[in-house]
Structure formats: structure tokens, C-alpha cells
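Student: Below are the C-alpha cells for one structure; questions will follow.
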Amino acid sequence: MEVNNTMEHEDKLYGGIEAGGTKFVCAVGSGPDDIRAEIRFPTTNPDETIGQAIAFFREQQAAHGPLVALGVAAFGPVDPHPQSPTFGYITTTPKPGWANTDFVGRLQAALDLPVGFDTDVNGAALGEHRWGAAQDVDTFVYLTIGTGVGGGAMVNGRILHGLIHPEMGHMLLPHDWQADPYPGRCPFHGDCLEGMAAGPAIGERWGTPGHELPPDHPAWELQANYLALALHNLICILSPQRIILGGGVMDQPHLLPLVCQRVQASLNDYVQSPAIMEQIDSYIVPPGLGARAGVLGAMALAQQEVDSN
Ligand code: ZN
């Protein structure tokens, strides 16, 4: 287990930016029980949106005193490697105006603070480890299913980066074209996990947004199947001690139990652990930090940045 540094952070203030493709959430505080201020605004172009974040942190520092560090949990792809010349950039995103944006550089130039930077899902995973549903494990996966599908992993107490960072949303799954003729909507791969199971794919396949489909609609069986196939792969590859499923699509309360059943059926008693065979509803779980997983994850990145130096 990692040393839990929660206590020594209590009297210090950190800033967090959950930088999403549609909105930014910025907050100042020291943890989930101490959020001093929070603001959200739409993601437009980098000048305006990063400018709004900088203005917020300047105001907060004037009101509450200096921040120790900032954390940014960003939509991606991003460059999270501190040794890289493009560290802190949003890199090849198709989002207009944001490709090759030096996000960390702009913040540091304006605020002169250490900045921890990672993907939104890696940030959320770190936050769940520090304060949420993964405090008692050191190897786990955080997967979010919303307008896209993304996943972050902690392995042996450290967030996994590897070559760049995991892109779990773009894994390929078996596709039964007869049962599901929908071709998928990922611009890069068509029927990858995100192409088949993100919120917009559900809406496009059935002609109705997911949140308007009744619980007994066949959409949910199909959705549970795709998610279970993805979790089957993740369990076999990373041997996670827990899997956290977040994102707007998981707000359907009937979906998580279906996914659990399908994971058990798919693994077929091969992975011999009581966590999967007997207690799967405490193995595949919702985020402990709920809707604040993103911005608290960013704050956890700020604390990690201070801890690591
Ligand atoms: Zn894809």
C-alpha cells in the first residue's frame, strides 16, 4: 500500500481542474470534506477557457491565501510524461482549437505553481484511491462510460502510464453483426468499445437517448454484454482488485447488476476468486466520490505532485 498522506494535506489548499470536453470544473480545498469554492463553465477555446480557470484561482488565492499546487485531470489524449518536451499538452484531440495545447505551461506562466497533470480518468482513479471506493486496494481500474469511454488504472499503488497512457475505451470486442448490425461510431476504429457502448452510440443505435429508454429495453442487455466483455478483458490483463464504473451511462440503476451477472457468466468460473465468484457487487462498484470524482481527482493530482517532490 501507498502511504496515506491525507492527514498532512489537511491544512494546505490545493486547486483542481477537471478539464472535460464539454465543461470545466475548478475547485479549491484540501479534500472531499473541505471544498472552499467550486465553479463550472463550458469548454470553448483554450484562451477563453484556460483564462477563466486562471481568473478563478487568482480570485481564490486572494480570498483564501496561497495554493500549494494545482492538479489538472484533462480530456485527452494528453502527454503526462514530465521528461517529455510536450509534457502537460493536450495532444491530438479532434476537439476544435485544442490540439497541441500547452495546458500546464499556460497555468504555470500565469500562476507560478507546481502542476500535477494526467488524464481525467487517471485523476479520477487517484481520487478514488485517496478518498473513495478504492482506498483499501492498490491495483484497480476506473472506467467511465459517458459521452466517451475511458479508463485509468492504478497498479501496485502507482497510476499506470506506460508508453503514453491506457486507452481502454478503444479496446476491440467481439461484434456479433447479426445480433447488432450497428457499425459503431469511433472515428478511428468504428466498433471499438467506445464506438459501441458510449452514450452517443446507444442514442444513435436505437434512435432514442439512453436515459429515455425503459429498463426492460433490449438496449440494456446489449450494453451490459459489451461492458462485460470489456471487463472480462481488463480482469484477465490487469488482475484488478476492484473495478469502479462511472459516467452518465452508469446512472441507469439497473445496468450495474446486469453487468455483474454478465461478467460472471463470461469468466465462467475461470478466475478463482471469491471477489468475482461470490461478492461481485462489492468488486464492480460505482465511484465513491460520485459526481465529484473528476474534480477531486484533479485535487489528488495536485497533492501527488507535492508528495513526489
Ligand atoms: Zn476507437
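The values are calculated or read from the model by the stated rules, or taken from the named source; none is laboratory data. Predicted model only: the values in this text are computed from it and were never measured. Using ideal geometry, Cβ is built from the backbone for each residue, glycine included, and neighbour counts are taken over all protein chains shown.
Student: Could you check H211 against (1) farther than 30 Å from P32 by Cβ; (2) assigned to a helix (DSSP H, G or I) and say which number it fails?
Tutor: Of (1) farther than 30 Å from P32 by Cβ; (2) assigned to a helix (DSSP H, G or I), only one is false for H211: (1).
Student: What number of residues in segment 231-248 are of a type outside the set (A, V, I, L, M, F, W, C) and part of a helix (DSSP H, G or I)?
Tutor: First pass over segment 231-248, keeping only residues of a type outside the set (A, V, I, L, M, F, W, C): 232-233, 239-242, 246-248.
Checking the rest, the ones that are also part of a helix (DSSP H, G or I) come to 232-233, 248.
Matching residues across segment 231-248 total 3.
Student: Go through (1) within 17 Å of the chain's Cα centre (by Cα); (2) small (G, A, S); (3) more than 18 Å from L160 (Cβ to Cβ) for G65 and report which single condition fails.
Tutor: (1)
Conditions tested, residue by residue: (1) outside any helix (DSSP H, G or I); (2) among the polar types (S, T, N, Q); (3) outside the structural domain of P200 (by TED's automatic domain parsing).
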site	(1), (2), (3)
A224	no, no, no
L229	no, no, no
M250	no, no, no
L256	no, no, no
V259	no, no, no
S266	no, yes, no
Q272	yes, yes, no
L296	no, no, yes
M299	no, no, yes
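Student: Identify all residues within segment 167-183 that are of a type in the set (G, A, S) and more than 8 Å from the ligand (Cβ to nearest atom); write none if there are none.
Tutor: Of everything in segment 167-183, just one residue is of a type in the set (G, A, S) and more than 8 Å from the ligand (Cβ to nearest atom), namely A179.
Student: Let me ask another. Take P94 and tell me if it is over 18 Å from Q303 (Cα atoms) and either free of Cβ contacts under 8 Å to residues at least 40 places away in the same chain or in contact with a helix residue (DSSP H, G or I) (Cβ under 6 Å, 6 or more places away or on another chain) (or both).
Tutor: Numbers: over 18 Å from Q303 (Cα atoms): yes; either free of Cβ contacts under 8 Å to residues at least 40 places away in the same chain or in contact with a helix residue (DSSP H, G or I) (Cβ under 6 Å, 6 or more places away or on another chain) (or both): no.
Here the answer is no, as P94 does not meet what is asked.
Student: Look at T86 and say whether it is assigned to a loop (DSSP other than H, G, I, E, B) and over 21 Å from the mean Cα position of the chain (by Cα).
Tutor: Working: assigned to a loop (DSSP other than H, G, I, E, B): yes; over 21 Å from the mean Cα position of the chain (by Cα): yes.
Judged against the criteria, T86 is a match.
Student: Can you pull out every residue in segment 102-119 that is in contact with a Phe, Trp or Tyr (Cβ under 6 Å, 6 or more places away or on another chain) and not hydrophobic (A, V, I, L, M, F, W, C)?
Tutor: Within segment 102-119, D102 is the sole residue that qualifies.
Student: Sort out which residues of segment 151-165 are modelled with pLDDT of 95 or more and within 16 Å of the ligand (Cβ to nearest atom), and write them in order of number.
Tutor: G151
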